[in-house]
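Just so it is clear, none of the values below were taken in a lab; they were calculated from the coordinates. Values in this document were obtained by computation on a predicted structure and should not be read as measured data. Positions of Cβ are generated from backbone atoms using ideal geometry, with glycine treated the same way; all protein chains shown enter the neighbour counts.
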Amino acid sequence: MIEPRILEVRTKILKKNDELARSMRRQFESLGLLVVNMVSSPGTGKTAFLKETLVRLRGRGIPVAAVVGDLETDNDARRLAESGAPVRQIMTHGLCHLEADMVQQHIADWDLAGLHYLFIENVGNLVCPTSWDLGESVRLALLSVTEGEDKPLKYPGLFNTSDIAAITKIDLAAACEFNRDVARANIEAVRPGMRIIETSVRSGAGIDEWLDYLAAKRHELA
Amino acid sequence: MHELSIAMNVVEMASEQVRQAGGGSVSRVTLRIGRLSCVHQDSLRYSFELAREGTPLAGAELRIIEVPVRVFCPTCQDEFELPGIQRFACPACGTLSADIRQGRELDLESIELSEATPS
């Protein structure tokens with residue numbers, strides 16, 4: 001009878017993804033390309049927010065592109081393509097999150113050096129995307145006023161790994177009896193010090209602040 | 001169900017360890033899972049049972065060490081353990097802190113390897 005041997009492995013389970021994401025980030029940042037990973041629950045308005053972002057940046061003559069993860073349809077990709085920006089759909093066929101290699105495969109033939117910003121719209125889900133680094137420099141968590149103020153407390157992991165939060169559909173705040181102070185305090189509780197922008201695609205609120213934030217972040221890459 | 005992706009990564013990594021060790025079968029896999037990692041343990045166990053089939057881990061027990069969140073308080077100049085993950089505040093002075101020292105773990109800690117061919 002041979003005694004069982006213990007092999008101390010002590011390795012990150014998502015090591016393969018982490019390593020690929022790190023090398024992608026190095027490449028993106030060396031090209032002056034700011035990559036943003038957008039995470040939220042379904043229905044927060046990620047696609048509308050991203051489309052407005054693409055339209056506004058293109059209006060300023062800034063080269064942008066987007067990839068969008070979705071379980072089954074390409075509806076979001078078609079909506080985003082109306083902005084005129086290059087858009088790729090990543091159909092996950094049931095997988096609840098994007099992984100770094102999926103992003104890599106879908107942008108392989110793009111001239112990344114010619115882009116200033118690349119946006120990755122993750123699958124609408126507040127849990128699963130948390131652990132997967134996609135090589136982004138900025139992780140944006142979105143929360144809409146229709147979801148209620150306590151979402152950050154219910155999904156602290158995702159808010160905690162984000163760099164900035166956008167509260168969307170702020171034009172509907174009164175109708176939804178949304179308490180922005182409570183929402184901000186809840187985000188602060190799970191991610192102390194994180195910047196929060198209140199936005200509305202419909203009224204245009206907060207969009208300039210968001211674009212200024214992006215420009216400052218991209219400037220930091222140089 | 002991102003736990004299935006995690007379980008498949010565990011099985012793949014552990015199988016590679018077995019190959020490097022010259023073969024054998026795994027009797028136990030130990031993971032360290034931080035409370036901030038957003039992993040549901042029951043889903044992970046269920047996913048592990050699916051992912052291990054037909055691999056050297058087919059008969060392996062899954063052991064999960066849950067790692068609590070520890071944060072550094074800039075006011076107290078000390079590390080503390082969070083009782084939950086809804087409020088990153090120091091239990092002593094109430095200061096909010098984003099300086100997380102522990103709790104994001106998603107690690108393959110060790111595997112227990114049995115003999116190559118049972119006699």
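Below 15 angstrom from the Cβ of A:Gln105, what's the summed charge of the other residues (Lys, Arg +1; Asp, Glu -1)? Working shown, then result.
Numbers: positive: A:Lys16, A:Arg88; negative: A:Glu99, A:Asp101, A:Asp109.
Value of the local net charge: -1.
Once you list every other residue whose beta carbon is under 10 Å from the beta carbon of B:Ile64, what net charge do they have if Lys and Arg are +1 and Asp and Glu are -1? Don't jump to the answer; show the numbers that get you there.
Numbers: positive: B:Arg32, B:Arg45, B:Arg63; negative: B:Glu66, B:Glu109.
Once positives and negatives cancel, what remains is +1.
Listing B:His2, A:His97, A:His106 from the residue with the fewest other Cβ atoms within 10 Å to the one with the most, what is the order?
On the way: B:His2 24, A:His97 21, A:His106 18.
If I rank by nearby Cβ atoms, fewest first, I get A:His106, A:His97, B:His2.
What's the longest piece of chain A with no exposed GluC sites (Glu not before Pro), counting a site as exposed if DSSP puts it in a loop and it has at most 11 other beta carbons within 10 Å?
On the way: sites that count: A:Glu72, A:Glu82, A:Glu177.
Formally, the longest exposed-site-free interval is A:83-176.
Need one value for B:28-34: mean number of C-beta atoms belonging to other chains within 10 Å of its residues' C-beta atoms.
On the way: counts 2, 1, 3, 2, 3, 1, 1.
Counting other chains' Cβ atoms within 10 Å and averaging over B:28-34 gives 2.
Regarding chain B, what whole-number volume in Å³ per residue does the convex hull of its Cα atoms give? The partial results should precede the final answer.
On the way: hull volume 13.3 nm³, N = 119.
In chain B, the Cα hull volume divided by residue count equals 112 Å³.
What's the angle, to the nearest 10 degrees (0 to 90), between helix B:2-20's Cα axis and the longest principal axis of chain B?
50
Of A:Gly61, A:Ala81, A:Ala166, which is farthest on the positive side of the dipole of the stretch A:16-221, counting Cα position, with +1 on Lys and Arg Cβ, -1 on Asp and Glu Cβ, and the Cα centre as origin?
So the residue furthest toward the plus end is A:Gly61.
Can you give the net charge of the other residues whose Cβ lies under 14 Å from the Cβ of A:Glu29, counting K and R as +1 and D and E as -1?
Working: positive: A:Arg22, A:Arg25, A:Arg26, A:Lys217, A:Arg218; negative: A:Asp133, A:Glu136, A:Glu220.
Residues near A:Glu29 contribute +2 overall.
Does chain A come out rounded, prolate or oblate, given a ≥ b ≥ c as the square roots of the eigenvalues of its C-alpha gyration tensor, rounded meaning a/c under 1.5 and, failing that, prolate meaning a/b above b/c?
oblate
Enter the mean number of other protein chain beta carbons within 10 Å of the beta carbon of each residue in B:107-114, as an integer.
Details: counts 7, 8, 6, 5, 6, 4, 5, 5.
The per-residue average across the peptide is 6.
Whole-Hz Karplus ³J(HN,Hα) for the stretch A:192-206, in order, using 6.51 cos²θ - 1.76 cosθ + 1.60 and θ = phi - 60°, x for Gly and Pro?
Once θ is set to phi - 60°, the couplings for the stretch A:192-206 become x, x, 6, 5, 10, 10, 8, 10, 8, 5, 5, 8, x, 4, x Hz.
Taking loop as defined by DSSP and a crowding limit of 12 other beta carbons within 10 Å, which trypsin sites (Lys or Arg not before Pro) in the stretch A:6-103 fit? Don't skip to the end; give the middle numbers.
Numbers: sites: A:Arg10, A:Lys12, A:Lys15, A:Lys16, A:Arg22, A:Arg25, A:Arg26, A:Lys46, A:Lys51, A:Arg56, A:Arg58, A:Arg60, A:Arg78, A:Arg79, A:Arg88; in loops: A:Arg60.
Here the trypsin sites (Lys or Arg not before Pro) that fit, given the DSSP loop and packing criteria, are A:Arg60.
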